[in-house]
Amino acid sequence: VTIEAVRCPNPMLFTLLATLLTQVTYPPCPPEGQHVADTARLLSDADAASVRTACEKLQRDHAIPLVVITIPSMSSCGIRTTTIERFATQVFDYYGATRSNWTRGILVLVSKDDRKARIECGHDWGTSLNGQSASVMSGTMVPQFRRGDYSKGIASGVAALANAAPGIRTRPQS
(Lines give C-alpha, C1' and ligand atoms only; values in the text may rest on other atoms or scores of the structure.)
Protein backbone atom coordinates (compact mmCIF):
# COMPACT_ATOMS: atom_id res chain seq x y z
CA VAL A 1 0.00 0.00 0.00
CA THR A 2 1.34 3.37 -1.01
CA ILE A 3 0.21 6.49 0.75
CA GLU A 4 0.96 9.81 -0.87
CA ALA A 5 0.70 13.17 0.78
CA VAL A 6 -1.38 15.59 -1.20
CA ARG A 7 -0.52 19.23 -0.82
CA CYS A 8 -3.41 21.63 -1.14
CA PRO A 9 -2.33 24.56 -3.30
CA ASN A 10 -4.51 27.00 -1.34
CA PRO A 11 -4.90 26.31 2.41
CA MET A 12 -7.60 29.00 2.74
CA LEU A 13 -9.67 27.23 0.08
CA PHE A 14 -9.24 23.94 1.93
CA THR A 15 -10.43 25.54 5.19
CA LEU A 16 -13.44 27.08 3.45
CA LEU A 17 -14.41 23.78 1.84
CA ALA A 18 -14.00 21.89 5.12
CA THR A 19 -16.25 24.43 6.82
CA LEU A 20 -18.89 24.21 4.12
CA LEU A 21 -18.89 20.42 4.20
CA THR A 22 -19.35 20.26 7.97
CA GLN A 23 -22.84 19.11 8.86
CA VAL A 24 -24.63 21.57 11.12
CA THR A 25 -27.33 20.11 13.34
CA TYR A 26 -29.57 22.79 14.78
CA PRO A 27 -30.65 22.21 18.36
CA PRO A 28 -34.26 21.18 18.79
CA CYS A 29 -36.64 24.07 18.99
CA PRO A 30 -39.67 23.59 21.21
CA PRO A 31 -42.92 23.23 19.28
CA GLU A 32 -45.13 26.28 18.78
CA GLY A 33 -46.64 27.22 22.14
CA GLN A 34 -43.76 25.73 24.13
CA HIS A 35 -40.75 27.73 25.18
CA VAL A 36 -37.88 25.60 26.48
CA ALA A 37 -35.52 23.10 24.85
CA ASP A 38 -33.03 22.29 27.60
CA THR A 39 -30.86 19.76 25.78
CA ALA A 40 -27.86 20.58 28.01
CA ARG A 41 -30.03 19.89 31.09
CA LEU A 42 -29.10 23.12 32.79
CA LEU A 43 -32.47 24.03 34.30
CA SER A 44 -33.75 22.67 37.60
CA ASP A 45 -37.41 21.61 37.56
CA ALA A 46 -38.42 24.69 39.55
CA ASP A 47 -36.49 27.09 37.30
CA ALA A 48 -37.80 25.39 34.14
CA ALA A 49 -41.35 25.90 35.44
CA SER A 50 -40.57 29.55 36.23
CA VAL A 51 -39.14 30.09 32.73
CA ARG A 52 -42.17 28.45 31.09
CA THR A 53 -44.56 30.58 33.15
CA ALA A 54 -42.76 33.84 32.29
CA CYS A 55 -42.60 32.93 28.58
CA GLU A 56 -46.26 31.87 28.46
CA LYS A 57 -47.36 35.13 30.13
CA LEU A 58 -45.23 37.22 27.73
CA GLN A 59 -46.71 35.36 24.75
CA ARG A 60 -50.30 35.53 26.02
CA ASP A 61 -50.33 39.14 27.24
CA HIS A 62 -48.03 40.81 24.69
CA ALA A 63 -47.70 38.42 21.71
CA ILE A 64 -43.93 38.24 22.25
CA PRO A 65 -42.52 34.74 21.83
CA LEU A 66 -39.49 34.03 24.02
CA VAL A 67 -37.66 30.72 23.56
CA VAL A 68 -34.79 29.28 25.62
CA ILE A 69 -32.47 26.73 24.03
CA THR A 70 -29.54 25.18 25.87
CA ILE A 71 -26.92 23.02 24.18
CA PRO A 72 -23.93 21.13 25.58
CA SER A 73 -21.59 22.93 23.13
CA MET A 74 -21.56 24.41 19.66
CA SER A 75 -19.36 21.53 18.51
CA SER A 76 -22.14 19.12 19.54
CA CYS A 77 -24.15 20.83 16.78
CA GLY A 78 -21.30 20.55 14.27
CA ILE A 79 -20.14 24.15 14.77
CA ARG A 80 -16.41 24.60 15.07
CA THR A 81 -15.51 27.85 13.36
CA THR A 82 -18.08 30.45 14.24
CA THR A 83 -19.05 32.69 17.12
CA ILE A 84 -22.02 32.31 19.46
CA GLU A 85 -23.44 35.50 17.93
CA ARG A 86 -23.43 34.09 14.41
CA PHE A 87 -24.73 30.70 15.56
CA ALA A 88 -27.58 32.32 17.53
CA THR A 89 -28.55 34.29 14.42
CA GLN A 90 -28.51 31.10 12.35
CA VAL A 91 -30.62 29.25 14.92
CA PHE A 92 -33.03 32.19 15.15
CA ASP A 93 -33.41 32.38 11.36
CA TYR A 94 -33.73 28.60 11.01
CA TYR A 95 -36.64 28.43 13.44
CA GLY A 96 -38.20 31.66 12.22
CA ALA A 97 -39.62 29.90 9.20
CA THR A 98 -41.78 27.68 11.41
CA ARG A 99 -42.94 30.01 14.18
CA SER A 100 -45.65 32.64 14.04
CA ASN A 101 -44.85 36.20 15.07
CA TRP A 102 -41.14 35.29 15.26
CA THR A 103 -40.03 38.73 13.99
CA ARG A 104 -41.04 39.91 17.49
CA GLY A 105 -39.36 36.88 19.06
CA ILE A 106 -36.52 36.61 21.54
CA LEU A 107 -34.13 33.66 21.66
CA VAL A 108 -31.93 32.90 24.66
CA LEU A 109 -29.22 30.45 23.58
CA VAL A 110 -26.79 28.99 26.14
CA SER A 111 -23.83 26.79 25.17
CA LYS A 112 -22.59 25.34 28.45
CA ASP A 113 -19.19 23.83 27.61
CA ASP A 114 -18.26 26.82 25.45
CA ARG A 115 -19.21 29.08 28.37
CA LYS A 116 -21.10 31.30 25.94
CA ALA A 117 -24.62 32.66 25.73
CA ARG A 118 -26.53 35.02 23.48
CA ILE A 119 -29.85 36.85 23.47
CA GLU A 120 -31.04 37.18 19.86
CA CYS A 121 -33.97 39.42 19.00
CA GLY A 122 -36.26 39.43 15.98
CA HIS A 123 -36.28 42.00 13.21
CA ASP A 124 -39.20 43.99 14.64
CA TRP A 125 -37.10 44.99 17.64
CA GLY A 126 -34.53 46.79 15.49
CA THR A 127 -31.87 47.87 17.98
CA SER A 128 -34.37 48.88 20.68
CA LEU A 129 -33.81 45.78 22.84
CA ASN A 130 -30.02 45.64 22.41
CA GLY A 131 -29.15 47.69 25.50
CA GLN A 132 -31.58 45.82 27.72
CA SER A 133 -30.37 42.46 26.36
CA ALA A 134 -26.75 43.37 27.05
CA SER A 135 -27.65 44.53 30.54
CA VAL A 136 -29.58 41.33 31.28
CA MET A 137 -26.71 39.21 29.97
CA SER A 138 -23.89 41.01 31.79
CA GLY A 139 -25.72 42.01 34.97
CA THR A 140 -28.09 39.11 35.56
CA MET A 141 -27.12 35.97 33.68
CA VAL A 142 -23.31 35.98 33.50
CA PRO A 143 -22.74 36.53 37.25
CA GLN A 144 -24.89 33.46 37.98
CA PHE A 145 -23.12 31.46 35.25
CA ARG A 146 -19.73 32.35 36.76
CA ARG A 147 -20.93 30.90 40.07
CA GLY A 148 -21.84 27.72 38.19
CA ASP A 149 -25.57 28.30 38.57
CA TYR A 150 -26.77 28.17 34.98
CA SER A 151 -30.29 27.38 36.08
CA LYS A 152 -30.72 30.56 38.15
CA GLY A 153 -28.90 32.62 35.52
CA ILE A 154 -31.29 31.52 32.79
CA ALA A 155 -34.40 31.88 34.96
CA SER A 156 -33.36 35.34 36.21
CA GLY A 157 -32.47 36.45 32.69
CA VAL A 158 -35.78 35.29 31.26
CA ALA A 159 -37.68 37.02 34.07
CA ALA A 160 -35.79 40.28 33.42
CA LEU A 161 -36.43 40.07 29.65
CA ALA A 162 -40.09 39.23 30.18
CA ASN A 163 -40.47 42.27 32.45
CA ALA A 164 -38.59 44.67 30.17
CA ALA A 165 -39.72 43.66 26.67
CA PRO A 166 -43.36 44.81 26.85
CA GLY A 167 -42.27 48.37 27.62
CA ILE A 168 -39.90 48.65 24.67
CA ARG A 169 -41.22 49.83 21.32
CA THR A 170 -40.83 47.61 18.32
CA ARG A 171 -40.87 48.65 14.68
CA PRO A 172 -44.35 49.00 13.22
CA GLN A 173 -45.50 45.73 11.72
CA SER A 174 -45.87 45.80 7.96
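The values are calculated or read from the model by the stated rules, or taken from the named source; none is laboratory data. What you see is a predicted model, and the numbers here were worked out from it, not measured in a lab. Please note: Cβ atoms are built from the backbone with ideal geometry, for glycine as well, and neighbour counts cover all protein chains shown. Ligands, DNA and RNA are stripped out before the accessible areas are found, and what is left, the full protein with its side chains, is counted by its heavy atoms. Shrake-Rupley method; radii C 1.70, N 1.55, O 1.52, S 1.80 Å.
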Using alpha carbons only: equivalent-ellipsoid semi-axes of segment 25-174, gyration tensor based, whole Å
21, 18, 15
Which of the lysines could be linked to Lys152 by a straight reach, that is with a Cα gap under 18 Å, when you skip same-chain ones fewer than 8 residues away?
Lys112, Lys116
To the nearest 10 square angstrom, what accessible area does Ser50 show with a 1.4 Å probe?
60
Run the numbers on segment 62-174 and let me know its relative contact order in percent, using alpha-carbon pairs under 8 Å that are six or more apart.
25
Considering the zone a paramagnetic label at Tyr26 would reach in this model (a point 7 Å from Cα along the Cα-to-Cβ line), which residues of segment 104-146 have amide N under 12 Å from it?
none
Quick one: net charge around Val110, please, counting Lys, Arg +1 and Asp, Glu -1 for every other residue with C-beta under 14 Å from its C-beta.
0
Between Asp93 and Asn163, what is the label-to-label distance in nm when each label sits 7 Å out along the Cα-to-Cβ direction?
3.4
Give a residue-ordered list of calculated ³J(HN,Hα) values for segment 57-74 (Karplus: 6.51 cos²θ - 1.76 cosθ + 1.60, θ = phi - 60°; whole Hz; x for Gly, Pro).
5, 4, 5, 5, 7, 10, 6, 10, x, 10, 10, 10, 10, 10, 10, x, 6, 5
The set of residues whose placed amide H lies less than 5 Å from the amide H of Ile64, leaving out same-chain residues fewer than 5 positions away, is Gln59
Need one word for segment 43-107: rounded, prolate or oblate. Basis is the Cα gyration tensor (sqrt eigenvalues a ≥ b ≥ c); a/c below 1.5 gives rounded, then a/b vs b/c decides.
oblate
What does the net charge come to around Gln34 if you take all other residues with beta carbon closer than 10 Å to its beta carbon, with K and R at +1 and D and E at -1?
-1
Taking 7 Å along the Cα-to-C-beta vector as the label spot, tell me the Thr83-Glu56 distance in nanometres, rounded to one decimal.
3.7
